[in-house]
């Protein structure tokens, strides 16, 4: 654990408030975890014990955090023994939560046009970021999401016009639309209302429609599979934009002790190994994914 995070990672016995089961073995879990909710920031995550009989925790990104209500929401997909056990948790059951963990996104007020790109289970941090940004009208977030399985919400046509978007890209995440945050979807699975292609391809189409002045106010934020993050870093170089990416990595301890999640990063002092859990998960994407 880094010195700056000592005393900020808390252990809570959290009650399940809601557990929504969606297509594609995806689930939204709401937990009563007031201390975590108070400190959580977009990009941070929790290390969750999925079941009493499973000692190893699983890292899950925080999708929403309500400080007043004292709850956090997690979106996850069943991928193995741990998440399959977690999917059986019922309302009222208690789960051990360690969090919030990690360095979150750091938007620059000089670049208020935040283009947030989420792929698959990388969608949650983008929702959290949009929720925090939309509270201040100075920010102008746009969220693009990509998925090859059904989206973890009911897609509907957006009520918000987004100049520069392809005509077929009309689907949105209703939650974001209700907040006044424009969102658009991309897939290669042929879902109605979605752009036909990768989410980074949709981002390129939109960025090409922007003026030089608009691009000077734009920053990229991303979370998703490594190939998507590599493509996003390529976009950042193509359009000369700053880009922050939240990395996804296997973790054992989740608090920096084991260094099993270390990745190579380029720093001002040269190459270095950084731990995704506490030095990240958010990094300057250009420092992690070189040309």
Tell me which residues, restricted to segment 96-130, are part of a strand (DSSP E or B) and touching a helix residue (DSSP H, G or I) at 6+ places or on another chain (Cβ under 8 Å). 97, 99, 100, 101, 113, 114, 115, 116, 117, 118, 119
If you scan segment 242-266, which residues turn out to be without any contact (Cβ under 8 Å) to a residue 40 or more places away in the chain and surrounded by 22 or more Cβ atoms within 10 Å (Cβ to Cβ)? 261
Residue under question is residue 282, and the condition is that it be crowded, with 22+ Cβ neighbours inside 10 Å and either without any contact (Cβ under 8 Å) to a residue 12 or more places away in the chain or not in a helix (DSSP H, G or I) (or both); does it hold? yes
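Do the conditions hold for residue 17, that is, is it at pLDDT 95 or above and surrounded by fewer than 23 Cβ atoms within 10 Å (Cβ to Cβ)? Walk me through it before giving the result.
On the way: at pLDDT 95 or above: yes; surrounded by fewer than 23 Cβ atoms within 10 Å (Cβ to Cβ): yes.
So residue 17 passes the test.
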Confirm whether residue 197 is at positive phi, surrounded by fewer than 22 Cβ atoms within 10 Å (Cβ to Cβ), in contact (Cβ under 8 Å) with a residue 24 or more places away in the chain and in the same structural domain as residue 144 (by TED's automatic domain parsing). no
Residue under question is residue 259, and the condition is that it be outside the structural domain of residue 126 (by TED's automatic domain parsing), part of a loop (DSSP other than H, G, I, E, B) and more than 23 Å from residue 146 (Cβ to Cβ); does it hold? yes
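The values are calculated or read from the model by the stated rules, or taken from the named source; none is laboratory data. Owing to the predicted nature of the structure, the values given are computational and were not obtained by experimental measurement. Reconstructed Cβ throughout: ideal geometry from the backbone, glycine too, with neighbour counts over all protein chains shown.
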